[in-house]
1. For the chain, what does -39500 (n - 2.57) per DSSP helix run (n ≥ 4), summed and divided by total residues, give at 222 nm, in deg cm²/dmol to the nearest 500?
2. Let me check I have the definition right: for the chain, take the eigenvalues of the Cα gyration tensor, multiply each by 5, take square roots. What are those semi-axes in whole Å, largest first?
3. Go through 71-77, 23-29, 48-54 and give me the packing order, highest mean Cβ count within 10 Å leading.
4. Could you check the spin-label model distance between ARG39 and HIS26? Points 7 Å from the Cα along Cα→Cβ, value in nm.
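What follows draws every value from the coordinates through simple rules; no lab data is involved. Remember, predicted model here, so these are calculated numbers, not experimental data. Positions of Cβ are generated from backbone atoms using ideal geometry, with glycine treated the same way; all protein chains shown enter the neighbour counts.
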Amino acid sequence: MNGWGGAHPFRYYAERGGLMSYGNDHADNDWRAAAYVDRVLKGDKPGELPVQAPVKFELTINLKSAEALGLESSPHILQQADTVFE
């Protein structure tokens, strides 16, 4: 474990040993941004496009880090997680 106990906004923290992450799905944001670029290239004015907020979020849990911290993982939380690293 690397000392990243706690919750983080980016998945890569949990992938690399952090306890958990909860944040927006960056791949989804990239796809939606690409759609905006497409609209601009087709002639839409950037200032007239609506502002978008993230719509897809993901919960990632690292069980190895939880165990190292002496934390018990709730089955309910594990069911809700999008990804669980063991």
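1. Per the formula, -10500 deg cm²/dmol.
2. 36, 12, 9
3. 23-29, 71-77, 48-54
4. Rounded to a tenth, the inter-label distance reads 2.4 nm.
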